[in-house]
């Protein structure tokens, strides 16, 4: 019987389909140049499809300046265009001789070919939206839809430095009204096929919509433009225009959306899993492949979660006993740590500001130690910030946002401070290392700063690679001594690892084994000891974005296995800095491709 790492290795090997080989005898250099040009074309097309991405990266200038006036087309026509783009990209890749490619060219080809095929499988099922951070079968949910993402984008990402920026802001407000209607149309399309979110997701969605359905005088979107335009000495007409658009276009579109979602509430059941839909099993399989970059089955993922939870639990048990916590389950003993009031910040604006200041100080502390295990570090600043209060009731616990490519905006680590009782100090550090340094911000930063990777790949997100790295980064923080003076912090780290193992268990449990939401919340809470509110929001996230949560532990197990393999092969010649270079400097990639880069590292050192 295969153990979980052997199982993962075999699933990874099967996860990347053999690329199509064009019938050509061109040289590797010719094919490499052809591929680079093709990927640059893909990137230019992607910016046109996703103008918010251009703004995120500071690329909506010069010839791309018109993009700052637009939002992504989430209409039926836009989704059909996404399918056509994927088909055209597959044809372009098929015209290149993969056999002729080596080195970074081979990595580029295999990575892009994998993602094109994975996107094709998801889009072919024709359900859900295209404006979430990972594929979802629900166009509207607590974490998907224009109503959720665009207001925060306008407030925090769209620049208003001059009259052009203010005019573009107004154009994007008009586009937001259109996107709301497009999402509503898509929602009707899906519900007509029986794809209706469970009742609890609809209820949260309606609550969040209600929080932004306010008069112009209370709108964050209106206030943001008014303040920034005034700060730049721009005329009052911009603030007046924003208020007018909010009242005459956005609110009516939001009302139409809320009416549609309320009507669907009558059809909603309480079952959280998507296997109840006609194409639910196929969607889960496609998204599991997309997010984990493996061919693992739900049953295999579930078992990996159980195995990892057992191993982590044994280590956690030792640490808890050292703190005098000997009675009860692991979750109960971790829960006891939540009862120490000295471990919490007040759930007030002042307390939240103190929490964020603590995180910023920890970022500086870990950054000082990173040169011991890395040759390169990203040069930009990283800031800890709160998730906007208007959307934190349905948002994840924390997430990371990359910096702009032009250096005008730092990288952000967003913490959900809806209730600081969910964030004891001993649980903050490991999340910070995951989302910040040496986690996502370091991994994304090295890709973004690279001059050797095509810009398309510098900006790719592959969940198993990136989230697996971030979990490995938590482990690395322990190895460089960040918990040496904090035994409770080390418990927090292992609790976080247990949390990710639990995700594999409950995600597959709900979507393929018929688990209820309540069973998933109870199971995850029993494993981690987390507060019910936190655990419920997390489980709701897995309901809204099926399969993505499984990618974390799968990716971490693979990263950990690759380091162990390299150390075993090289012995005293193993250099952790060189290993990290091998895994990071080629950018995000499917796990099988990562394994081949580690092969190259081993071969180079041995030769």
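The values are calculated or read from the model by the stated rules, or taken from the named source; none is laboratory data. Since the structure is predicted, the reported quantities are computational estimates derived from the model, not experimental observations. When we count neighbours, we look across all protein chains shown, and the Cβ atoms used for this are built from the backbone with ideal geometry, even at glycine.
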Item checked: Residue under evaluation residue 139, criteria (1) over 22 Å from the mean Cα position of the chain (by Cα); (2) modelled with pLDDT of 95 or more, criterion not met -> (1)
Check: From the list 333, 289, which one is farther than 19 Å from residue 494 by Cα and in contact (Cβ under 8 Å) with a residue 60 or more places away in the chain?
Finding: 289
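Looking at 112, 107, 122, which is the one that is in contact (Cβ under 8 Å) with a residue 12 or more places away in the chain and under 18 Å from residue 47 (Cα atoms)?
On the way: 107 fails: under 18 Å from residue 47 (Cα atoms); 122 fails: under 18 Å from residue 47 (Cα atoms).
It is 112.
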Checklist line | Index of the failed condition, residue 72 passing every other in (1) touching a helix residue (DSSP H, G or I) at 6+ places or on another chain (Cβ under 8 Å); (2) part of a helix (DSSP H, G or I); (3) within 24 Å of residue 195 (Cα to Cα) | finding: (2)
Check: If we keep just the residues of segment 151-193 that are more than 27 Å from the chain's Cα centre (by Cα) and within 24 Å of residue 274 (Cβ to Cβ), which is surrounded by the fewest Cβ atoms within 10 Å (Cβ to Cβ)?
Finding: 192
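Residue by residue through segment 316-331, note down the ones that are part of a helix (DSSP H, G or I) and loosely packed, with under 14 Cβ neighbours inside 10 Å.
Here is the first cut: in segment 316-331, the residues part of a helix (DSSP H, G or I) are 316-322, 330-331.
Result: 318, 321, 322.
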Next item on the list: For segment 116-136, enumerate the residues that are surrounded by fewer than 22 Cβ atoms within 10 Å (Cβ to Cβ) and assigned to a helix (DSSP H, G or I).
Entry: 116, 117, 119, 120, 121, 123, 124
Notebook entry, point to check: residue 481 versus (1) surrounded by fewer than 22 Cβ atoms within 10 Å (Cβ to Cβ); (2) modelled with pLDDT of 95 or more; (3) at negative phi: which is the lone unmet condition?
Noted result: (3)
Note to self: Among the residues of segment 565-576, are any surrounded by fewer than 24 Cβ atoms within 10 Å (Cβ to Cβ), closer than 19 Å to residue 439 by Cβ, out of contact with any helix residue (DSSP H, G or I) (no Cβ under 7 Å at 6 or more places or on another chain) and touching a residue at least 40 places away in the same chain (Cβ under 8 Å)?
What the structure shows: yes
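Suppose we filter 92, 81 for residues that are under 15 Å from residue 42 (Cα atoms), in a helix (DSSP H, G or I) and more than 26 Å from the chain's Cα centre (by Cα); which single one remains?
Numbers: 81 fails: more than 26 Å from the chain's Cα centre (by Cα).
Matching residue, one of 92, 81: 92.
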Check: Applying the selection to segment 396-413, what residues are farther than 18 Å from residue 449 by Cβ, touching a strand residue (DSSP E or B) at 6+ places or on another chain (Cβ under 8 Å) and assigned to a loop (DSSP other than H, G, I, E, B)?
Finding: 397
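Outside any helix (DSSP H, G or I) and either farther than 30 Å from residue 475 by Cβ or at pLDDT 95 or above (or both): does that describe residue 261? Show your work before the answer.
Working: outside any helix (DSSP H, G or I): no; either farther than 30 Å from residue 475 by Cβ or at pLDDT 95 or above (or both): yes.
So residue 261 fails the test.
Output the residue which, of all residues in segment 512-526 that are within 17 Å of residue 298 (Cα to Cα) and in contact with a helix residue (DSSP H, G or I) (Cβ under 7 Å, 6 or more places away or on another chain), is surrounded by the most Cβ atoms within 10 Å (Cβ to Cβ).
Restricting attention to segment 512-526, the residues satisfying the condition of being within 17 Å of residue 298 (Cα to Cα) are 512-516, 520.
Going one step further and asking which of them are in contact with a helix residue (DSSP H, G or I) (Cβ under 7 Å, 6 or more places away or on another chain), we end up with 512, 515, 520.
Details: 512: 23, 515: 22, 520: 27.
Across segment 512-526, the extreme among qualifying residues is 520.
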